[in-house]
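Student: The structure is given below, and queries will be raised subsequently.
The values are calculated or read from the model by the stated rules, or taken from the named source; none is laboratory data. All values reported here derive from a predicted model rather than from experimental measurement. For neighbour counting, all protein chains shown are included, and Cβ atoms are generated from backbone atoms with ideal geometry for every residue, glycine included.
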Amino acid sequence: MLKILTKIYSNIIFRLVFLLLILMAVFSYSSGHFIFVKAYNNLIHIFPSTYSVEQDIDSEYIWENVSYTFYQNLSAEADLDEFNKENSAYILSSFAEAFYISEEPGLEEDFEVETTEDEIIDLTEESSSEEDLESGILEKNESNEPEDLTEDIENEHEDSNKNSMDSEIDDIELPSEAHSPDFETDTEPTENFSDEISLINRAIKGTKKLFSNFSEGIFNLKLARAENDATASKENNESINIKPIKQSMIFSDFSVPLEYKENGIGSIKLRLSLAAQSEFKNDNLRIDYSINEAWQTLGLISLENKISNQLNKDYFKFILPSEISWEDVDSLKIRINYINNDLAAKKDDYDLKIFLDALWLEVDYDEQSDGGILNDEEVHGKIGEIPEETTEETKLEKDIIKLDLVSDELQFGPGKEPRLDFQYKKTKKSLFKRIGLGLINLFRDEYKNIKINALVFDNLGKKQLDLNPEINYINEGKFEINIKNKRSFKPGKFFLIVEIEDKESIYQEVREFSWGVLAFNSNKSVYLPDETAFLSLGVLDDGGHTICDAELYIEIEAPDGGIAYLTTINGLVSRNTECRGDSVVAEPDYYADYSLADIGEYKVKIIAVTKNGVKEIYDKLVVVDSVPFEVERIGPTRIFPPADYEMKFKIKVNEDFTGSITEYVPKDFQISSDEFRVMDIASGTVKEDYINNSKFSIQENDNERKLIWENLNLRTGDEVEISYVFDAPDIFPEFYLLGPLETKSLRFSEENRSDLVFFTELRQWQIAADAIDIITSTDGTHVGWTDSTYAWDAPNNFYASRDIPKKSVNDWANYLLATSSTATDLGGDITAVEIGIEGYVEDINDVTAYLVPIFNGTTDGATTTVTGPTIGQTADVDTVRYNPITNDSNGPGAGNWTWDDIINLDIKVYGFNVDNGQGRFLYVDQIYIKVTYSFPNDPPTGSFNSAVQRGDSTGVVDVSIEVDDPDDDDVKAIVEYELGSSCVFSSSNDPTLDETDGNTTADFGDPKVENDNFYQIGNVSGWIETASGSNTVLFDWDSKADLPSGDGTYCLRLTVNDDDAASSTEATSTLIIDNAAPSPPGTLSVFATSGTAVILGFGASTTESNFSQYIIYYKEYDGSSPIETDDKHGTSSDSNLGYQNYY
């Protein structure tokens, strides 16, 4: 048997047949086509498997070795000298031909397949003028024009006189401006997969030319049917002397494997590995595409100057229409046309060389089975450049590699450190290798030596240098990535890029997570049984800006398993009516009360349904049976950073304490003042000696400040109030974490003194800062720019570009014009407007950018400049350069800007090149508008209508106040009192107001009274409303509770506040308080009697300072004295009783 096989194999014919069968099996793989598909992370490169040519074979300039384009050999850095006849399809002039001699003549001869002149379609002679070709429109010649050979081949046509050029040139309407390929100079070129392909190249070395000629023979058979008509057309047009050059290659069968069609298709780019140089005038490569035979121009590449991958700093790129589907890709055709309409330019000694190494489709897709992985376009567009140490090209994958995210949680609250758990696994394709490795791995960890890198980028694609992921490898390919908590960070959506280097392979994935998009504060970090928790919440979008219209769902599971549902729908979660997009208010945007019961942990799940998705975080409330300190925080949840804010603590001391209290704030917080006060609850007095002995200091470390109150000596029952005023950095948006508040008691021993943590809060306080709107352009027009759409809200680090000519005048006629943006009416008053660009220049010494605001789309404002050094010469710096236009004389003017002015603001951008020797590029990534705005506040006003103590011995004082607010804000009020009529309030006292709901009334609304609040009247349960105008509020003061023996003149002070400002003038009013029993008058005596009357004699008069009247009680004598329920004789009967001295 072996001899037979040896004999068969020694026969050259059998060997060739065997080789042919192998090649045919390879070609027929994947649904009958030879498909070269290289897959990256959600990105595939699809090569064509079929080509045809349409060219004038009599011309010196024809495409040769077209099949060589099926294999990509050269890198994105390849220059012209690396392209040659052995690795590319090419057109060479006779002058250039002399410099390109085949390096392997024997191989070419061995596999040469003869082709006759008739086997190549001749489309030389066309009835069209040079002018017609330049305009892109040809007149049809019904009788003499050649057939459309492509259609003739694929479809049966009865009319043999149709011109093939109708479908090739006539049907293409060239744009007024040629769309040039993407001349990128950024540092993130398309993945260079020449290393991967080289493995295949080595595998097929020696057979490439065999396949080339074999395939050419097959393809030419396909075209042979048209040869007679082509010859006839040639004969009919022999009299035409004007013969424009047009040589075309058509590529098709970009077949997509079925497994990819299950995914959503993203952007599609045509990539070319190309180099050329020409001395002819008007030389161009025109790139056309066709779906269902309808040809359209994709772009033009001028050959006036030398071009190459290296000079382009990447492969050449053309973006196909976004509406193309997977099915369209299957029928897609790409036509590469070499065109020269200037016949007079043809000279034998002119240099012309064009090399096309390869072309392919770069398609990104959305993997339906795993929504957490972004496609490559999103990685490089939204996320930006990966640093050099982590951007090695992905190597040819011999194994099946998976990186699974095994974490359930991808949305993290501000106080929680993001942690993502991964499982890396590599499976050998070979069954025998899998079995072998499985046995070996029983005794080792296959993945312990893998190298893992990770980077974090924000929603705009900016690298977060201050967020350094910590990687912890566990075992068996399992690892976790932690992002350490920071006291300040930008909230929103983030992207984590994970890269694994495993021997010969580099694998990369992107995962999305959110941090800080749901803020949750509780007024205490730990509660006692039966207390009520006040919950405050904020919702932010992916960019970190405030959302006021979210639907909130809070699910709280008690320790006994009972679940409470608080939502905005059932009304148990309230919205702050003052919340507006990017506004700043003191009260939380959303709030709720929750009554706690037994001790234990209450699990909190918070869901926010917003326009840009559902956000979900988890938190907890803790109830314990006792704590040494009961700490309540009172502070803002959202701030306008230029302003100062107060943070206050109310602390009830339950155990004697000697030591210090420490608060933690971000390092950039400026602290302007502090206050420390200790009250003795039993006596209601301030412990001045405690205040005098305390000491306040600020300490700093790398990322935070410590606010320390020292030398404290507190006793059980003391109530401590601590407050400080802070000014946050003017950064928007930003999230800050304060606390936890910590107390340390002093411990003494014979050796030393040490601190012991006595109590610490279980959670941090969260503050959002947001008051500036960054607006991106979304559409526009241009003149003379390449990839202009990249300046309209495109992914990060994709650039519109302009090669500014070598002249020392403004290139004003060639511009970008942003005509629409993301601006919306956010309310408030606009205080500053700036316009800016993000990008870079080719040379900082030569190029200046000009920005012109166009108000209302019609009126040009003053031209502003951004110099080259300011823009920078390095890509991907991701810094926006702004110029102010608030006071532009042609604009609305300071103080007059409206959001309509912002919405209707256009921005023109053009460049200036001072270099007289050569052109220079200006690159624009995005055009921006920055708006600073605020919600100005007019303080409310308050006054007393009346304050009178009732004369019924109850001590109740009826108080009437008048409250109004120019901005119709809800208002709260505080009432204080002091003895005397001077109303200087050197020390004030809190009155005990009646909290009975029915005893407080108002013209509008139902204000609530809570004596525990600093402002007693008006709170989240019921404010003093002013939307309907000035509001009269009536309430009662129980003066006997505060002044049981009060007797004299007292002053009341009224302060009202709308949460943004207190009333500029405090109202005061005096009243008489008399809760003391009067001194009795002298004993009555009978002076005279008659049958109908008695005359009484008075003794000494009363000394009561608040005398009102005398009342005489009487009755028929029954042996007992009269009492106050008996008949009385007062001023209503005798006015003289109204005189203290009887007259």
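Student: Looking at (1) surrounded by 22 or more Cβ atoms within 10 Å (Cβ to Cβ); (2) modelled with pLDDT under 90, which is the only condition Leu535 fails?
Tutor: (2)
Student: Could you give every pair whose Cβ atoms fall below 7 Å, whose first residue belongs to the range 869-890 and is closer than 18 Å to Val909 by Cα and assigned by TED's automatic domain parsing to the domain that holds Ile854, and whose second residue is in a strand (DSSP E or B) and basic (Lys, Arg), counting only separations of at least 6 or pairs across chains?
Tutor: As it stands, the answer is Thr870/Arg881; Ile871/Arg881; Tyr882/Lys930, since those pairs meet every condition given.
Student: Turning to a different aspect of this structure: Just to be sure, is Asp860 among the charged types (D, E, K, R) and modelled with pLDDT of 90 or more?
Tutor: When the stated conditions are applied, Asp860 passes them.
Student: A follow-up question, please. For the range 816-837, which positions are in a strand (DSSP E or B) and surrounded by fewer than 24 Cβ atoms within 10 Å (Cβ to Cβ)?
Tutor: Selection gives Leu817, Thr819, Ser820, Ser821, Asp829, Ile830, Thr831, Ala832, Glu834, Gly836.
Student: Could you list, in sequence order, the residues of the range 944-963 that are assigned to a strand (DSSP E or B) and either among the β-branched types (Val, Ile, Thr) or buried (at least 18 other Cβ atoms within 10 Å of the Cβ) (or both)?
Tutor: Phe944, Ala947, Val948, Gln949, Val956, Val957, Val959, Ile961, Val963
Student: Which residues, counting only those in the range 1008-1065, are touching a Lys or Arg at 6+ places or on another chain (Cβ under 7 Å), surrounded by 14 or more Cβ atoms within 10 Å (Cβ to Cβ) and farther than 19 Å from Glu646 by Cα?
Tutor: Ile1017, Gly1018, Gly1022, Trp1023, Ile1024
Student: Which condition does Thr789 not pass, out of (1) in a helix (DSSP H, G or I); (2) buried (at least 20 other Cβ atoms within 10 Å of the Cβ), if it passes all the others?
Tutor: (2)
Student: Okay, next question. Got a sec? Which of Glu86, Glu77 is farther than 10 Å from Leu274 by Cα, assigned to a loop (DSSP other than H, G, I, E, B), charged (D, E, K, R) and free of Cβ contacts under 8 Å to residues at least 24 places away in the same chain?
Tutor: On inspection, the qualifying residue turns out to be Glu86.
Student: For the range 868-887, give me each residue that is in contact with a Ser or Thr (Cβ under 9 Å, 6 or more places away or on another chain), modelled with pLDDT of 90 or more and part of a loop (DSSP other than H, G, I, E, B).
Tutor: Within the range 868-887, Ile885, Thr886 meet the criteria.
Student: Out of all the residues in the range 539-589, which are among the β-branched types (Val, Ile, Thr) and either modelled with pLDDT of 85 or more or closer than 22 Å to Val604 by Cβ (or both)?
Tutor: Val539, Thr546, Ile547, Ile554, Ile556, Ile563, Thr567, Thr568, Ile569, Val573
Student: Right, something else. Can you say whether Ala1076 is within 20 Å of Gly1138 (Cα to Cα), touching a residue at least 24 places away in the same chain (Cβ under 8 Å), surrounded by 15 or more Cβ atoms within 10 Å (Cβ to Cβ) and of a type in the set (A, V, I, L, M), as far as the supplied structure shows?
Tutor: When the stated conditions are applied, Ala1076 passes them.
Student: Restricting to the range 322-339, count the residues that are hydrophobic (A, V, I, L, M, F, W, C) and part of a helix (DSSP H, G or I).
Tutor: Qualifying residue count, the range 322-339: 2.
Student: Still on this model: Among the residues that make up the range 537-552, is at least one of them outside any loop (DSSP other than H, G, I, E, B), more than 22 Å from the chain's Cα centre (by Cα) and on the phi < 0 side of the Ramachandran plot? It would help to see each step written out before you state the result.
Tutor: Residues of the range 537-552 that are outside any loop (DSSP other than H, G, I, E, B), as a first pass: 537-540, 546, 551-552.
From what's left, more than 22 Å from the chain's Cα centre (by Cα): none.
Taking every residue of the range 537-552 in turn, none turns out to be outside any loop (DSSP other than H, G, I, E, B), more than 22 Å from the chain's Cα centre (by Cα) and on the phi < 0 side of the Ramachandran plot.
Student: Something else now. Within the range 299-341, track down each residue that is within 21 Å of Ser278 (Cβ to Cβ), surrounded by fewer than 19 Cβ atoms within 10 Å (Cβ to Cβ) and either touching a Phe, Trp or Tyr at 6+ places or on another chain (Cβ under 7 Å) or without any contact (Cβ under 8 Å) to a residue 60 or more places away in the chain (or both).
Tutor: Glu304, Asn305
Student: Can you tell me which residues in the range 1107-1140 are part of a helix (DSSP H, G or I) and in contact with a Gly (Cβ under 8 Å, 6 or more places away or on another chain)?
Tutor: Across the range 1107-1140, the qualifying residue is only Leu1137.
Student: If you check Pro966 against the conditions, is it over 30 Å from Ile835 (Cβ atoms), free of Cβ contacts under 8 Å to residues at least 40 places away in the same chain and either in contact with an Asp or Glu (Cβ under 9 Å, 6 or more places away or on another chain) or part of a loop (DSSP other than H, G, I, E, B) (or both)?
Tutor: Yes.
Student: Has the range 681-702 got any residue that is surrounded by 18 or more Cβ atoms within 10 Å (Cβ to Cβ) and among the hydrophobic types (A, V, I, L, M, F, W, C)?
Tutor: Scanning the range 681-702 turns up no residue that is surrounded by 18 or more Cβ atoms within 10 Å (Cβ to Cβ) and among the hydrophobic types (A, V, I, L, M, F, W, C).
Student: Hey, any hits in the range 408-415 for a residue that's of a type in the set (Asp, Glu), farther than 30 Å from Leu737 by Cα, modelled with pLDDT of 70 or more and not assigned by TED's automatic domain parsing to the domain that holds Ser536? Spell out how you get there, then give the answer.
Tutor: Of all residues in the range 408-415, those of a type in the set (Asp, Glu) come to 408-409.
Restricting the remaining residues to those that are farther than 30 Å from Leu737 by Cα gives none.
The answer is no, given that none of the residues of the range 408-415 is of a type in the set (Asp, Glu), farther than 30 Å from Leu737 by Cα, modelled with pLDDT of 70 or more and not assigned by TED's automatic domain parsing to the domain that holds Ser536.
Student: Moving on. In the set Phe758, Phe748, Phe726, which member is surrounded by 18 or more Cβ atoms within 10 Å (Cβ to Cβ), modelled with pLDDT under 85 and more than 30 Å from Asn305 (Cα to Cα)? Full working, then the answer.
Tutor: Numbers: Phe748 fails: surrounded by 18 or more Cβ atoms within 10 Å (Cβ to Cβ); Phe726 fails: modelled with pLDDT under 85.
Result of the check over Phe758, Phe748, Phe726: Phe758.
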